[in-house]
Amino acid sequence: MDAYLVFILSLPVVFMLHDFEEILGLEHFMANGVPKLKKRMPKIATLIVRNFQGKTTRDFAKGVMMMFAIVSISTFASVISGYYNLWMGVFMAFSLHIVVHILQWLVAKTYVPVIISSVLALPYCVYGIILIINNFDFDDIVLWTGIALIAIAVFLPFAHKVVMR
């Protein structure tokens, strides 16, 4: 199998390994990490509490499952069709997501239940971004990354309000 194809097909695996840490660490973080944040950053802590207070691991996993389905479907559809722009946009959005988590950790100055997998995923993301820059037109990168980010911005509130009740 072609190395690039293996790399492309690995996105759902990397996504899920990252989200396993998030799923497993959410309740512990809500109980232990958020109180620490309340002392240093009350506004951020309030936002986190508003989004996740009272949510169980199962509730959160439902939303992750839906995101995993989107990542997987877009990956497999791209491979089957041979049209990789959709995958590229999703990959770029995932890479941005990883960078945001690392920034959250740097700002919070405490363990957040995504930092280990984010740091481990960073080389994968950097390598993928290099591949994308070398194989896609800049306009397509901007367009498809924008499409993926808009789709996520529309979907996440749905996941928070409907799935995580």
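Observations on the model:
- Screening segment 1-108 for helices (runs of 4 or more DSSP H) wholly inside it with 2 or more residues that are buried (at least 18 other Cβ atoms within 10 Å of the Cβ) and at pLDDT 80 or above returns the ranges 11-28, 57-81, 85-108.
- Hits in segment 136-165 - residues which are touching a residue at least 40 places away in the same chain (Cβ under 8 Å) and of a type outside the set (A, V, I, L, M): F136, D140, W144, T145, G146, F155, H160, R165
The values are calculated or read from the model by the stated rules, or taken from the named source; none is laboratory data. Only a predicted model underlies this, so the values are computations on that prediction, with no experimental measurement involved. When we count neighbours, we look across all protein chains shown, and the Cβ atoms used for this are built from the backbone with ideal geometry, even at glycine.
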